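Encoded as structure tokens, the structure appears first; notes follow it.
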Amino acid sequence: MRIASADVVVTSPARNFVTLVITTDDGLTGLGDATLNGRELSVASYLRDHVAPLLEGRDASRIEDTWQYLYRGAYWRRGPVTMAAVAAVDTALWDIKAKAAGMPLYQLLGGASRTGALAYGHASGRDVPELLDSVRAHLERGYRAIRVQTGIPGLDSVYGVASSAAGGGERYDYEPARRRPLPAEETWDTRAYLRHVPTVFEAVRAEFGPGLPLLHDGHHRMTPIQAARLGKDLEPYDLFWLEDATPAEDQTALRLIRQHTTTPLAIGEVFNSAHDYTVLLQERLIDYVRSAVTHAGGVTGLRRLLDMAGHFGIRSGIHGPTDISPVGMAAALHLDLAVHNFGIQEYMRHAPETLEVFRTSFTFTDGLLHPSDTPGLGVGLDLAAAERFPYAPAYLPVNRLADGTVHDW
Ligand code: EZ4
Ligand code: CO
């Protein structure tokens, strides 16, 4: 079974996605997600200009060899663009191998370790009453674990918070509503944030009781000592995790946070390799690893990372916002089902336009996701539908302090 072609599809059904389609000489196709939010065309070029010509004629069954060939062979290792490209090839080859076997991918990864993957959704509100409505809307949709983000008094807008209550507070995407050629800019104030967040969790616990798993994303905005304080202040509200408390690439910063708080910590959505985690795992500085299949070298890359985390008793929390395409999401679900050290799966539902282009078969029942038993990943790509949604540049926002200093977000 040889690779006949590797084609890159860039489409924008409600937001931008880059998909690799690998076709074999016996007519099987495999899909891989290569979407890097705000830098999509770099990965498309990497794949089209530098990877597709290397793939044609290769044995499609040699997944590990192809991974190593692209990773080591390029000389320039790691990095978000490279690893998203490697991920797309790897995921498409796993899709093909599982289709050839007539099995859902999770069977090739060792079979199911559970009946489904606990998913968490994104509740948000500009103020507490709007947030409580959003949590209620998520519970009605079947979510059994919920991420909580709110506006901060004194700040105009905050990333991660829906700019309207329509849709239950789920959509805070910068696409397509705020699509423009330049990134939006937001103003940030960490002291106002630190004062406000504990009052939000107090209100949510008062309304929904102690049982509901609640999560929060700090989007890398705090210093270690600020994060230590927030972790302590949130202990009474028993969070499932506090995510990205500090800039993720500074692994040793987590030592200080860990010394001060028992709030569980999650990090890693911006990482692209197991090497980004070595200190975090060996010193048990986090509780959950957040990498996506799409950004960390595919099914092969993420499986290696999750196995390494498992040795230290650290669990998965695979990144699953709407900029992970349904292809990347399906790949995550097969790993979620198969690995022993599953923790939770992020699940922001895709827009209807996205689901017109990507035909999914995964299910969401009683708060649990299941990838379905369709052979392969279980996702189809409708090329005619994809052509109806041309690419348009769109960016994540940039954060500044009141005096104009660029800040993490
Ligand atoms: O900001 O996917 O936990 N989820 C997140 C996401 C990320 C975006 C970046 O592309 O933090 O909303
Ligand atoms: Co996050």
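The values are calculated or read from the model by the stated rules, or taken from the named source; none is laboratory data. Every value quoted in this text rests on a predicted model; they were computed, and no experiment measured them. In this analysis, Cβ positions are derived from the backbone assuming ideal geometry, glycine residues included, and neighbour counts consider all displayed protein chains. SASA here: full protein model, heavy atoms, side chains in, ligands and nucleic acids out. Shrake-Rupley method; radii C 1.70, N 1.55, O 1.52, S 1.80 Å.
Add +1 for every Lys or Arg and -1 for every Asp or Glu among the other residues with Cβ under 12 Å from the Cβ of Leu31, and state the total. Combined, the nearby Lys, Arg, Asp and Glu give -3.
Segment 275-318 and segment 129-155 have Cα centres lying 28 Å from one another. With the charge dipole of the chain set up from +1 on Lys and Arg Cβ and -1 on Asp and Glu Cβ about the Cα centre, the Cα lying farthest toward the positive end among the listed residues Val128, Thr278, Tyr237 is that of Thr278. Mean residue ellipticity, 222 nm, helices only, the chain: the sum of -39500 (n - 2.57) across DSSP H runs of n ≥ 4, divided by residue count and rounded to 500, is -10000 deg cm²/dmol. Between His370, His50, His334, the Gaussian network model of the chain with springs among Cα atoms under 10 angstrom shows the greatest mean-square fluctuation at His50. The residues of the chain have, on average, 38 Å² of accessible surface per residue, using a 1.4 Å probe with all protein chains present. Each part gets one Cα centre, and for segment 69-127 versus segment 356-390 those centres are 14 Å apart. Just for the chain, what percent of DSSP beta bridges are antiparallel, to the closest 5? Bridges in the chain that DSSP calls antiparallel: roughly 50 percent. Can you give me the % of accessible surface on the chain that is carbon or sulfur? Probe 1.4 Å, all protein chains present, nothing else counted. For the chain, the apolar C and S fraction of the accessible surface comes to 52 percent.
Normalising the average separation of contacting C-alpha pairs (under 8 angstrom, six or more residues apart) by the number of residues puts the relative contact order of the chain at 22 percent. Under 1.5 on a/c is rounded, so check that first for segment 3-104, then, if it is not, pick prolate when a/b is larger than b/c and oblate when it is not; a ≥ b ≥ c are the square roots of the alpha carbon gyration tensor eigenvalues. In terms of gyration-tensor shape, oblate.
In a reduced charge model with +1 at each Lys and Arg Cβ and -1 at each Asp and Glu Cβ, the chain shows a dipole moment near 460 debye about its Cα centre. In this structure, the amide hydrogen of Asp217, modeled 1.01 Å from its nitrogen in the peptide plane, lies closer than 5 angstrom to those of Val148, Glu243, counting only residues at least 5 positions away or on a different chain. The shape of segment 117-374 comes out rounded: with a ≥ b ≥ c from the C-alpha gyration tensor, a/c is under 1.5.
Descending by average beta-carbon neighbour count within 10 Å, the peptides 137-144, 181-188, 82-89 line up as 82-89, 137-144, 181-188, the highest first.
Just the number, please: percent antiparallel of the DSSP beta bridges in segment 283-409, rounded to the nearest 5. Each step should come with its number before you reach the end.
On the way: 8 of 12 bridges.
About 65 percent, rounded to the nearest 5.
Overall, the anisotropy analysis places segment 185-240 in the prolate class: the square-rooted eigenvalues a ≥ b ≥ c of its C-alpha gyration tensor yield a/c not less than 1.5, with a/b exceeding b/c.
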